[in-house]
Amino acid sequence: MAIQFDDWQDLKVAFEVARLGTLTAAAEALDVHHSTVLRRINNLEKSLNARLFHRHARGYKVTEIGAKLFTTAQAINGELERLHSDIIAADSTLQGSLLLTTVSGFIDVLSEVCEQFQTLHPQVQLQVIMDQKRLRLDHGQAHIAVRAGPRPDEGDYIAQHLAALSSGFYASKHYISRYGLPQTLAQLSVHNFVSGVAGYNGKVPYFSWVDENIPSSQVKLRVSETSEATRAIVKGLGIGGLQHDVAAQYSDLVPVLPNELSWPTDLWLVTHHLVHRTAKVQAFSQLLKTYFKQRKLS
């Protein structure tokens, strides 16, 4: 008798539990509630009339039957991913949507390129997805990623170096008029700061520096997006870290101890090899590379 699935999403959720080992990890990866993961596992086991997992205190371990099912599911998932990428790669025309993902703080840097692309190719709808999570290019979640940090090393990704950027501390003139401009590291002990929320700071070097060197009582505001930190610093809520290129767009901002506190980082253009040569990806990529090359020469 043929296997009947009431909902193929149940299999996808169960596969994530098998891959990650716990309901919590699977729920976080899928961005759903813990109870949703449990419900879908129960639905799948009921529809198959088979136990797919051994439950124990440390998590979920697949049964022999479960291992066979998930091996097949993994193969099916791989074929679907390849099919999806082939369909995208077949698009050799400048039309439809182009999905760009980056973190929120970089939209100020990328806005000029986005405007150029929209002017040159109005028939393409540019969608910018600003997310601290790294979207999966191999799953079609985005066509292009602009990432800061170490060179991306995913096997099927093509990473091209765009620029060497740096960041430092800034304060608004309004803040300085009230609290003064620190002249030494020791003087930072009497100032207010803007930083990131827990769990986010490790991704941003100047947020990490604040957590490691500044008492929490001096951190007057924590944010979950670097763009919100920019607004807070411009409004005078405290001293905070900014990319120098972003800070340069605000005439009211003044560098704080630029010789003592600076954080370099590399910026990367990342694409998946199956869509790297498509017309839309190439058109945007060339504009982006030209923009940063001209900035370097100026």
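The values are calculated or read from the model by the stated rules, or taken from the named source; none is laboratory data. Remember, predicted model here, so these are calculated numbers, not experimental data. Cβ placement follows ideal geometry from the backbone for every residue including glycine, while neighbour counts extend to all protein chains displayed. Surface accessibility is based on the protein's heavy atoms, side chains included, excluding ligands, DNA and RNA. Shrake-Rupley method; radii C 1.70, N 1.55, O 1.52, S 1.80 Å.
Side notes on the structure shown:
- Residue 178 being open to solvent by 50 Å² or more (accessible area, probe 1.4 Å) and without any contact (Cβ under 8 Å) to a residue 60 or more places away in the chain: yes
- Sole residue being at pLDDT below 90 and closer than 20 Å to residue 195 by Cβ, chosen from 140, 168, 149, 155: 149
- Filter result for the condition that a residue is at positive phi and either at pLDDT below 90 or not aliphatic (A, V, I, L, M) (or both), over 241, 236: 236
- Within segment 250-278, being over 21 Å from residue 205 (Cα atoms) and open to solvent by 30 Å² or more (accessible area, probe 1.4 Å) holds for 250, 251, 252, 273, 274, 277.
- All told, residue 197 meets the bar of being under 20 Å from residue 234 (Cβ atoms), out of contact with any Asp or Glu (no Cβ under 7 Å at 6 or more places or on another chain) and of a type in the set (Val, Ile, Thr).
- Any hit, segment 52-71, residues being of a type in the set (Ser, Thr, Tyr), touching a Phe, Trp or Tyr at 6+ places or on another chain (Cβ under 6 Å) and farther than 30 Å from residue 266 by Cβ: yes
- Summed over segment 38-61, residues that are among the hydrophobic types (A, V, I, L, M, F, W, C), closer than 20 Å to residue 28 by Cβ and open to solvent by less than 40 Å² (accessible area, probe 1.4 Å) total 3.
- Considering only residues in segment 121-130 that are surrounded by 15 or more Cβ atoms within 10 Å (Cβ to Cβ) and within 20 Å of residue 105 (Cα to Cα), the one that is farthest from the chain's Cα centre (by Cα) turns out to be 126.
- For the residues 230, 184, 226, the requirement of being touching a residue at least 40 places away in the same chain (Cβ under 8 Å) and exposed (fewer than 13 other Cβ atoms within 10 Å of the Cβ) singles out 184.
- Just one of the listed residues (30, 11, 23) is within 27 Å of residue 135 (Cα to Cα), free of Cβ contacts under 8 Å to residues at least 24 places away in the same chain and either surrounded by 17 or more Cβ atoms within 10 Å (Cβ to Cβ) or not hydroxyl-bearing (Ser, Thr, Tyr) (or both), namely 30.
- None of 251, 217 is outside any strand (DSSP E or B), free of Cβ contacts under 8 Å to residues at least 24 places away in the same chain, under 18 Å from residue 105 (Cα atoms) and more than 23 Å from the chain's Cα centre (by Cα) except 251.
- For segment 30-55, a residue qualifies if it is modelled with pLDDT under 85 and under 18 Å from residue 74 (Cα atoms), and exactly one does: 30.
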